[in-house]
Amino acid sequence: MVLDRLRRGSAGRDPKKIPDGLWVKCPSCTKTVFKRLVEERQDTCPECNHHFTMLAHARIQLLIDDGTWSEWDPDLTSGDPLGFVDSKPYTERIAQSMAKTGLKDAVITGTGSLAGLALGLGVMDFSFNGGSMGSVVGEKLTRMIERSTAARMPVVIVSTSGGARMQEGALSLMQMAKTSAALARHAVARLPYISVLTNPTMAGVMASYASLGDVIIAEPKALIGFTGPRVIKETIKQELPDGFQTSEFLHQHGQLDLIVARQDMKAELGRILRYLTPAAPIH
Ligand SMILES: [Zn+2]
């Protein structure tokens, strides 16, 4: 109650006392918690371990050994091949996402070492246009995979996405085939790919690279699926089980290999990658 009053105060009566964004309400346990505490715990709730959305840069910092990260294709930006306009022009939408996030598109790719092991990494960011996959996301991931194959490095992709980017139409859908083909060549070269699914991973992303991992890991209670429950229900004309698009349900039914809490993700990825690449040098 006191916290609620303080939060209301921050919005109205005494804005100086409670700086904006000092507290955050957990959508899972509904408790109001210190934002600083949440950030110190890699964006998880100190009360119930709910996993909040994590920005791509923070994720890279979490997974990659200090001082080893090198970003690839940081300046690749989207065109507007269809001249698409919905509630606003696509070019304006992209410019706003860039200004809001400081990113050029919805994925960051590069190379670094994870627990001493060199790898190619792609991390999606939901805050950029809902993590949607357009030509830039597909191209950056494909280049990352191809470079990793050439350098004989494993690949890890951390996904979060609402799906393909409708403003690029069929060009977005083509990214599904392009990324999948690159991963197929990576597999033929007998190199591992681990897919990490975070909340939410949906639609065209889930239907392509996110579900193609040799090992597929999800964070707890992530929403994972192809399309929304209403559309599925109308299509197959059947009642759907509760929570059928969660990590836990998918794990129970064999779609995922592991559910790993964010705090343990780096250690677990390191363990699996070492197992899959026995010849890798150990630093
Ligand atoms: Zn909580």
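Read-outs: derived from the displayed coordinates by stated rules, not from any lab. Quick caveat, the model's predicted, so the values are computed rather than measured. Methodologically, a virtual Cβ is constructed for each residue, glycine included, from the backbone with ideal geometry; neighbour enumeration extends over all protein chains shown.
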Which whole number in µm²/s is D for the chain by Stokes-Einstein, with the Kirkwood Rh taken over Cα pairs at 4 °C and 1.567 mPa s?
65 µm²/s
From fewest to most C-beta neighbours within 10 Å, the residues Ser87, Ser127, Ser28, Ser161 line up as Ser87, Ser28, Ser127, Ser161
Among the lysines in the range 54-276, how many pairs, 8 or more places apart or on different chains, have alpha carbons under 21 Å apart?
7
Roughly how many whole Å is it from the C-alpha centroid of the range 45-120 to that of the range 205-220?
18 Å
By the scheme Lys and Arg +1, Asp and Glu -1, what is the net charge of all other residues having a beta-carbon under 11 Å from that of Arg262?
-1
Could you tell me what percent of the DSSP beta bridges with both partners in the chain are antiparallel, to the nearest 5?
45 percent
What's the center-to-center distance, using Cα atoms, between the range 227-281 and the range 124-150 in Å?
20 Å
Computed ³J(HN,Hα) along the range 227-235: with the Karplus parameters 6.51/-1.76/1.60, θ = phi - 60°, integer Hz and x for glycine or proline, the list is 10, x, x, 5, 5, 5, 4, 5, 6
Expected sort for Phe244, Phe52 with the fewest Cβ neighbours (10 Å cutoff) up front is Phe244, Phe52
The FRET efficiency for His57 and Leu240, from their Cβ-Cβ distance with R0 = 35 Å and rounded to 0.05, is 0.45
Would you order Cys26, Cys48 from fewest to most other beta-carbon atoms within 10 Å of each residue's own beta-carbon?
Cys48, Cys26
Listed residues Thr111, Thr149, Thr101; largest mean-square fluctuation, Gaussian network over the chain with Cα springs below 10 Å, found at Thr101
About the Cα centre, charge dipole magnitude for the chain (Lys/Arg +1, Asp/Glu -1 at Cβ), debye:
500 debye
